[in-house]
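Taking it in order: structure first as structure tokens, then the write-up.
The values are calculated or read from the model by the stated rules, or taken from the named source; none is laboratory data. On a predicted model such as this, the values are computed, not experimentally measured, just so you know. Positions of Cβ are backbone-derived with ideal geometry, glycine not excepted, and every protein chain shown enters the neighbour counts. Just so you know, the surface numbers come from the protein's heavy atoms only, side chains and all, with ligands and any DNA or RNA stripped out. Shrake-Rupley method; radii C 1.70, N 1.55, O 1.52, S 1.80 Å.
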Amino acid sequence: MGEFKHKHSLGQNFLKDRKVLIKIIDSVDVKEDDLIIEIGPGQGALTKYLKLFHSYLRCFEIDERVRKYLNTFEDEKTEIIYQDFLQVDINEVVKDIKYNKLYIIANLPYYITTPIIEKIINSKVEVEGMVLMVQDEVADRLCAIPGSKNYGYITVYLNYYFNLEKLFTVDRSSFEPVPNVDSAVIKLSLKENRLIVNDEDKFFEFVKDAFKMKRKNLKNNLRKYDLDKINNVLGKYNLALQDRAEKVSLECFIEMFNSLK
Ligand code: SAM
């Protein structure tokens, strides 16, 4: 890696632990006619392993200084695109590739973990699965279960689309330079028979409202909605308006929202 100056501001902590890289690729079953999108290939530590799938591969890297490390990966199925992933039109990228399933596999730049995940979901491109290295603390938040202190809006939002699983934690010593947080790899798998609401934007606004003031209960946070209807649904789940949103499952949120119509 020589004299390369890592940019802390771009979350440049490169993976150097081969065992971790192998565990990441072992956690997904990508076929040759599938497409992988990698965000932030850096010097190609993960890219090298993703190439073993022989699938289509599109990597988005904001820092052109790593071009010399990534050039060798390019071929008829692999393209490295030097662009801020948050500015990319994902639909445009995938539209001309005749792939079967789309996977997102990345060791994410942690400073934009949530914007990246939200961007992918908002693009409406169908993603079969994601395997993402994130900050350990964030992994706990994303994969939390109702009733735990980490459970929040983002948990419900992701649960609407995906089954979430924290696969394993990764010690900070697996990275160069060593960051000051531990990490974890999470897996998001598209739900096969997911419950669907009619107006997703309104639904997520409702969920956001429920979590608005962390210390307030549902009665306070949802006062602008019909509380009688909400209370009826809560009763079925052994909950009450005095409870906080962190106890409410996705199914209960959906039922409450549908009852308001
Ligand atoms: N994949 C490499 C690895 O595992 O060693 C590098 C991972 S490093 C944690 C995150 C990478 O994301 C860095 O290479 C950084 O330059 C890149 N990055 C940061 N912000 C980005 C953005 N907005 N769009 C695309 N890449 C970005």
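Values as computed for the structure displayed
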item: Count - residues of the range 208-237 that are of a type in the set (A, V, I, L, M), open to solvent by 30 Å² or more (accessible area, probe 1.4 Å) and in contact (Cβ under 8 Å) with a residue 12 or more places away in the chain; result: 1
item: Complete set of residues in the range 53-109 that are of a type in the set (Phe, Trp, Tyr), closer than 23 Å to residue 133 by Cα and in contact (Cβ under 8 Å) with a residue 40 or more places away in the chain; result: 56, 85, 103
item: Test: residue in the range 7-17 that is among the small types (Gly, Ala, Ser), within 17 Å of the chain's Cα centre (by Cα) and surrounded by fewer than 17 Cβ atoms within 10 Å (Cβ to Cβ); result: no
item: Count of residues meeting criterion [near the ligand (Cβ under 10 Å from one of its atoms) and part of a loop (DSSP other than H, G, I, E, B)] in the range 18-60; result: 5
item: Residue within the range 238-245 that is basic (Lys, Arg), open to solvent by 30 Å² or more (accessible area, probe 1.4 Å) and part of a helix (DSSP H, G or I) present; result: no
item: Hits in the range 31-80 (condition: in contact with a helix residue (DSSP H, G or I) (Cβ under 8 Å, 6 or more places away or on another chain), surrounded by fewer than 19 Cβ atoms within 10 Å (Cβ to Cβ) and over 16 Å from residue 4 (Cα atoms)); result: 31, 32, 48, 49, 51, 52, 73
